[in-house]
Amino acid sequence: MTALCQLDLAHPIVNGSGTFDAIAARRAFGEALLDDFPFAAFVSKTITVHPRAGNPPPRLWETPAGMINSIGLPNKGLERYLAEDLPQLAELPVPLVTNVMGSTAAEIATLLEALDDRDEIAAVELNVSCPNITTGLDIGADPAELSAVLREVRGRTAKPLIVKLTPNTADVAAVAEAAEASGADAVSLINTLRAFAPDPGRPGEPWLGGGTGGLSGPAIRAVALAQVAAVACRVSIPVVGMGGVQTGQHAAQFLEAGATLVGVGTESFRDPAAGARISRELHDLFAKSGAIDRSTAPNV
Ligand code: RRO
């Protein structure tokens, strides 16, 4: 067993928010999905107070070792998430983490309050790191800004609060320290790295409808490992590490860097069962090496 913020988890592999649609997967794979669910906890895609259409297409660009997305937070909004998605997500055989984003402290407070009395939700992840939309408030890039927002909203929920940090900042460890000091129970990182894909047919113009996007996949794994290690040695709250994880060995590298849980993101687009495979590989790796089995040992 692994533990994160009082949640007992069967193993340390979770999904990165927005990279696995459990409702669509259940439609496609039926009850088999529930029998062998790929993740130890399920993190929802980001929801906002009001519905959002997302960015105009194209929304994806493939790079040599990853992809750039500019999805732009399309979601049905808080009210319809609670009414339509939550009952379905509550049927998953693992704890549910709901990911939220707001462009003001007031919006975030509204989201946290609305989720607080829903027993189906085990924890909340606050996304302060989306590089794809212009909110006018890059709260996750600056320690003081993040502290101010967290101090204003932290009391609005009794649930464990995971803050998903942005990698697009000068000193991610300083931001993580600010999150811990302002009431975060855990931090998760990294989100996508801000990136640009030129349109091959229109020199100087962006391919993506949203202009810039976020780079994910194997291309960012080395950056993610450096940021996770930098954060893990500066905070005492648990760290959920992710970025380009494709194998059990990659997951082990994140645990060795100080993560308590490991997120799988882009790899699930290629193989929807990647989470289950990676957790098996991780388990086998530790069993074979004789090292402390951090995939089953009690943790933080
Ligand atoms: O929706 C998106 O475009 C998006 C989000 Br909210 C995020 O957190 N990270 C990302 O790469 N894309």
For this session: Collect residues whose amide H, placed 1.01 Å from N in the peptide plane, falls under 5 Å from the amide H of K164; neighbours closer than 5 in sequence don't count.
Result: L126, N127, V128, S188
Exercise. So which lysines pass the test for K76, namely a Cα distance under 25 Å, with those fewer than 8 places away in the same chain ruled out?
Worked result: K45, K159, K164
Problem set entry | Pairwise FRET efficiency - E79 versus E256, Cβ, R0 = 41 Å, nearest 0.05 | 0.45
Exercise. Is the stretch 2-296 best put as rounded, prolate or oblate by its Cα gyration tensor, with a ≥ b ≥ c the root eigenvalues, rounded for a/c under 1.5, and otherwise prolate when a/b is larger than b/c, oblate when not?
Worked result: rounded
Problem set entry | Counting DSSP beta bridges with both ends in the stretch 2-296, the antiparallel % (nearest 5) | 40 percent
Exercise. Using helices alone, what [θ] at 222 nm do you get for the chain, with -39,500 (n - 2.57) per DSSP H run of 4 or more residues, divided over all residues and rounded to the nearest 500?
Worked result: -8500 deg cm²/dmol
Problem set entry | Estimated inter-spin distance, S289 and F29, nm [label 7 Å along Cα→Cβ] | 2.6 nm
Exercise. What does the stretch 73-198 give for Rg and for Dmax, in Å, if only its C-alpha atoms count?
Worked result: 14.5, 46
For this session: Express as a percent, rounded to the nearest 5, the fraction of DSSP beta bridges in the stretch 185-263 (both residues included) that run antiparallel.
Result: 45 percent
Exercise. Ignoring ligands, DNA and RNA, what percent of the 1.4 Å accessible area of the chain is carbon and sulfur?
Worked result: 55 percent
Exercise. Can you pull the semi-axes for the stretch 1-160, root of five times each eigenvalue of the Cα gyration tensor, sorted largest first, whole Å?
Worked result: 24, 21, 16
Exercise. Taking Cα centroids, how far is the stretch 1-77 from the stretch 189-237 in Å?
Worked result: 17 Å
Problem set entry | Cut-off under 5 Å, modelled amide H: who pairs with V264 long-range | V14, N15, G16
Exercise. What ranking do 265-272, 196-203 get when scored by the average of other Cβ atoms within 10 Å per residue, highest first?
Worked result: 265-272, 196-203
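The values are calculated or read from the model by the stated rules, or taken from the named source; none is laboratory data. Predicted model, so just to flag it, every value in this text is computed and none were measured. So basically every Cβ, Gly included, is an ideal-geometry build from the backbone, and we count neighbours across all protein chains shown. Heavy atoms of the whole protein, side chains included, go into the accessibility calculation; ligands, DNA and RNA do not. Shrake-Rupley method; radii C 1.70, N 1.55, O 1.52, S 1.80 Å.
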